[in-house]
Amino acid sequence: MAGIERIVILTGAGISAESGIDTFRSAGGLWEQHRVEDVATPEGFARNPDLVLGFYDMRREALAKVEPNPAHRALARLEAEFPGELLLVTQNVDDLHERGGSKQVLHMHGELKSALCSSCGVRMPHDGPMLDRPKCPTCAMPSLRPDVVWFGEMPYQMERIYKALAVSDLFVSIGTSGAVYPAAGFVQEARAAGAETLELNLEPSEGSHFFAESRHGPAGELVPQWAEEVLQTRL
Ligand code: BV8
């Protein structure tokens, strides 16, 4: 890890799995319980808003019952102690990175604890249910939706992410299947920038072959070990 100055980290559902949050594609995972088209697309929301609002209410409620795991805490330690630049991008809509101590988290697919008003477009922190159609605090319309990026919608802060990848020395992908774009393409952006690429995942992802190095096992073990390595070679 010598000479590493700028790290971009991408996390997916696998980093929260050991905290007890369902991933999307494992057996019994979120997408097996619901069809993606029904709960994670604007068309599905238009077709059956109650189903979608209830799906996200259930996931938001589940958050209160889980805790960050050693992988989240290791990334918070890295943020605090790594002397170079670190950008943590997550595809996850849970708040476990923040509760694990990370201060700067870029939620490219939005957050369960944020609401978006379909009428006035304002985004705001929101921790309660939406099935009961709470009124937007800005325009008073009962049109709050989960502030998450559905399929066909533009992920947040893509400009900022591509800029960071273009100057990165190291790109690390943690706990993601590499099934969804544009996140699944970040490894190629990093390689084009000449960065080192490392995958930490339970098993090879769909994009494993793009990574210079892949380590397979639970994030709760791999991430603290890797963070320690980075800090040892840097300090
Ligand atoms: C867009 C938020 C354009 C909501 C999510 C054809 C080709 C290429 C692209 C497309 C295409 N057709 C359509 C597209 C675009 C589409 C896409 O990529 N589709 C795929 C299915 C082909 N993408 C989009 O629509 C994106 N938007 O492209 O916009 C655009 C352009 C201009 C103008 C407007 C728009 C938006 C995609 C975002 C969708 N929202 N989530 C919510 O959370 O409910 S997606 C969701 O699934 C996640 O956010 C994540 O991104 C994605 C994948 O999930 P993972 O996090 O990887 O989880 P998964 O279960 O899949 O894998 C878990 C991994 O962890 C596994 O590998 C497992 O082995 C590992 N693991 C398990 N346990 C552990 C572990 N690892 C370590 N330790 C453990 N203990």
Size of the dipole of the range 68-222 about the Cα centre, Lys and Arg at +1 and Asp and Glu at -1 on the beta carbon, nothing else charged, in debye to 20? 520
Report relative contact order for the chain in percent, whole number only (criteria: Cα-Cα under 8 Å, sequence separation at least 6). 25
In whole Hz, the Karplus estimates of ³J(HN,Hα) for the range 188-197 (6.51, -1.76, 1.60; θ = phi - 60°; x where Gly or Pro) are 5, 4, 5, 4, 5, 8, x, 7, 5, 10
Which FRET efficiency, nearest 0.05, do H216 and E61 yield, Cβ-Cβ r, R0 25 Å? 0.20
Of all trypsin sites (Lys or Arg not before Pro) in the range 126-202, which ones are in loop regions per DSSP and have a Cβ with at most 14 other Cβ atoms within 10 Å? K135
Of the options H109, G12, F24, report the single residue whose Cα projects farthest towards the positive end of the charge dipole of the chain (beta-carbon charges: Lys, Arg +1; Asp, Glu -1). H109
Once you have the Cα-Cα distance between R35 and R123, take 0.36 nm times their residue separation minus that, and quote the gain in nm to one decimal. 29.1 nm
Magnitude of the Cβ-charge dipole (Lys and Arg +1, Asp and Glu -1) of the range 64-127 about the Cα centre, nearest 20 debye, reported as 100
Please compute the modelled spin-label separation between L231 and E159, points set 7 Å along Cα→Cβ, answer in nm with one decimal. 3.5
Placed amide H near T23: partners under 5 Å, 5+ positions off or other chain: L30
Excluding near-sequence neighbours (fewer than 8 apart on one chain), the chain holds lysine pairs with C-alpha atoms under 22 Å apart numbering 5
Sparse-neighbourhood loop hits (trypsin sites (Lys or Arg not before Pro), the range 31-103; DSSP loop; Cβ within 10 Å at most 10 others) -> K65, K103
P(r) of the chain over all Cα-Cα pairs, binned every 5 Å from zero, in whole percent: 1, 6, 14, 18, 19, 16, 11, 7, 4, 2, 0
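Values in this text are rule-based calculations from the coordinates and carry no lab data. Computed from a predicted model, the values in this text were never measured in an experiment. Cβ sites come from the backbone with ideal geometry, for glycine too, and all protein chains shown count toward neighbours.
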